[in-house]
Amino acid sequence: MHFLDQAKIYVKSGAGGPGAVSFRREKFVEFGGPDGGDGGKGGDVVFEAVPGLNTLIDFRYTQHFRAPRGKGGAGSNRTGAGGNDLVIHVPVGTQVLADDEDRSLLADLTEPGQRVVLLKGGMGGRGNASYKTSTNRAPRQHQTGEAGEEMWVWLRLKLLADVGLVGLPNAGKSTFLNSVSNAGAKVGDYPFTTLRPQLGVVRHKGREFVLADIPGLIEGAAEGAGIGDRFLGHVERTRVLLHLIDGSADDPLDAWRVVRGELDSYGAGLEDKSEVVALTKADLLDEKKRARLVKAIEKESGATVFPISAPLEEGVEPLLDTIIQRLGAAAENERLEAAAEGSWSPL
Ligand SMILES: Nc1nc2c(ncn2[C@@H]2O[C@H](COP(=O)(O)OP(=O)(O)OP(=O)(O)O)[C@@H](O)[C@H]2O)c(=O)[nH]1
Ligand SMILES: [Mg+2]
């Protein structure tokens, strides 16, 4: 299954600056020669893959990108300043596609730091000084500067989920996804409302992450009960699992155990993945019951339990704070591991 994030943007490189027409005028020199300098080059449009970005969400707000033009040349053979290149930061894994029928691939940014010049800035025009010959000592010719290039392109990114939602059917996973993202997942008060994984992009306090909603797990899913556990493959590569427990169910503590049991049976790293636990539908619980459940699940799981009500948006903020913090810690661990591997040398 491919989850795609895409955006259409307009890019234009800078035009070259015009060349100057100018003649030297000095106090005691009677016939000064031509000294009009060339125009500066226009800025290129460059794409750069940067780590730490996961989505193309920013391109929904800014769609037009224009590199500055080159400055005009001037007298005394001064060349105009070049326009700065316009560097557009995109997440690693972004593809740049043409806006044509078969969306031909223009650039594929797979490595952090990789740069691709998509559009070249126009060359600056020649100033009149460069037209001087033995027969034409006072040329007035000059060029205006080459125009920039422009086009519409598609940016496309295959999304990888950072956080996976797990829980029994009806735990409120899709409701939570909808309350924190613009996913628009289907919600229903019956089990297995969700049959296909769905992703949403969550933005919280200037950070963003991708949250995956998957079908509910039931006891015996590893042996095929319910719709089985194959869909857990969609959260294998996440950094954090968000385990939701329906606080209004008969036995929330047992619900936590059942899902943990299924994660352990599935394996593939899910059993050791960082887990954040939340008790949903807290609005249906009186304060006493809520406190009792939170305490019981905390004791059993060893994790902090966040009581939340997604429809009322209660308790969601501290939960998202914790997720962001865990994602940061997981990314830091990966970085350290990668660095440790990289520093090993047989020599
Ligand atoms: N009162 C209350 N109801 C909730 C809350 N969260 C979810 N619900 C309700 O619980 C039911 C199940 O919610 P879903 O979001 O579809 O649950 P799910 O975990 O995605 O279920 P499956 O897709 O079947 O696995 C729906 O009727 C929701 O309206 C909550 O915080 N408070
Ligand atoms: Mg659902």
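If you build a Gaussian network model of the chain, linking Cα atoms that sit under 10 Å apart, which residue out of 159, 177, 327 swings the most?
In the Gaussian network model the winner is 327.
Helix-derived [θ] at 222 nm for the chain: sum -39500 (n - 2.57) over DSSP H runs of at least 4, divide by residue count, nearest 500?
Rounded to the nearest 500, it is -6500 deg cm²/dmol.
What's the whole-number percent of alpha carbon pairs in the stretch 172-231 lying beyond 13 angstrom?
61
Show me, for the stretch 72-79, the HN-Hα J-couplings you get by feeding each phi into the Karplus relation (A = 6.51, B = -1.76, C = 1.60, θ = phi - 60°), rounded to Hz, glycine and proline as x.
The phi angles translate into x, x, 9, x, 6, 6, 8, 7 Hz.
Counting other Cβ atoms within 10 Å, which GluC sites (Glu not before Pro) in the stretch 27-129 have at most 15 and lie in a DSSP loop?
Hits after loop and neighbour filter: 30, 101.
Accessible surface of residue 301 in the full protein assembly, 1.4 angstrom probe, to the nearest 10 Å²?
The value for residue 301 is about 30 Å².
Could you sort the peptides 192-198, 232-238 by per-residue average Cβ neighbour count (10 Å cutoff), highest mean leading?
Result, highest mean Cβ count within 10 Å first: 232-238, 192-198.
Pulled fully out, how much extra length does the chain show between residue 205 and residue 268, if you take 0.36 nm times their separation in residues and subtract their Cα-Cα distance?
Computed gain between residue 205 and residue 268 is 19.5 nm.
Where the only charges are on Cβ atoms (+1 Lys, Arg; -1 Asp, Glu), what is the dipole of the stretch 1-84 about its Cα centre, to the nearest 20 debye?
It comes to approximately 260 debye.
Could you tell me which residue out of 301, 263, 336 lies farthest along the dipole of the stretch 239-347 toward its positive end? Charges go on the beta carbon: Lys and Arg +1, Asp and Glu -1, centred on the Cα centre.
301
Roughly how many debye, to the nearest 20, is the charge dipole of the stretch 31-70 about its Cα centre, given +1 on each Lys and Arg Cβ, -1 on each Asp and Glu Cβ, and no other charges?
200
Whole-Hz Karplus ³J(HN,Hα) for the stretch 272-277, in order, using 6.51 cos²θ - 1.76 cosθ + 1.60 and θ = phi - 60°, x for Gly and Pro?
10, 5, 4, 10, 10, 10
For the stretch 225-329, what does the relative contact order come out to in percent, with C-alpha contacts under 8 Å and a separation of six or more?
27
Over the stretch 192-266, what is the mean sequence separation of C-alpha contacts under 8 Å (at least six apart), divided by residue count, expressed as relative contact order in percent?
26
Of 281, 299, 158, which has the largest mean-square fluctuation in a 10 Å C-alpha GNM of the chain?
Highest fluctuation of the listed residues: 299.
Could you give the C-alpha radius of gyration of the chain expressed as a fraction of 2.2 N^0.38 Å, taking N as the number of residues it contains?
With N residues counted in the chain, Rg over 2.2 N^0.38 Å equals 1.47.
I want to verify the translational diffusion coefficient of the stretch 301-341 in µm²/s; compute it with Stokes-Einstein, Rh as the Kirkwood radius over Cα pairs, at 20 °C and 1.002 mPa s.
D = 178 µm²/s.
Given charges of +1 on the Cβ of Lys and Arg and -1 on the Cβ of Asp and Glu, with all other atoms neutral, how large is the dipole of the chain about its Cα centre, in debye to the nearest 20?
I would put it at about 2200 debye.
Which whole-number percent is the relative contact order of the chain (Cα, under 8 Å, 6+ apart)?
Relative contact order here is 15 percent.
Restricting things to alpha carbons, find the Rg to Rh ratio for the stretch 89-232 using the Kirkwood radius for Rh.
1.35
The values are calculated or read from the model by the stated rules, or taken from the named source; none is laboratory data. Everything numeric here is computed off the predicted structure, so don't read it as measured data. Positions of Cβ are generated from backbone atoms using ideal geometry, with glycine treated the same way; all protein chains shown enter the neighbour counts. Accessible surface is based on the protein model in full, side chains and every heavy atom, while ligands, DNA and RNA are left aside. Shrake-Rupley method; radii C 1.70, N 1.55, O 1.52, S 1.80 Å.
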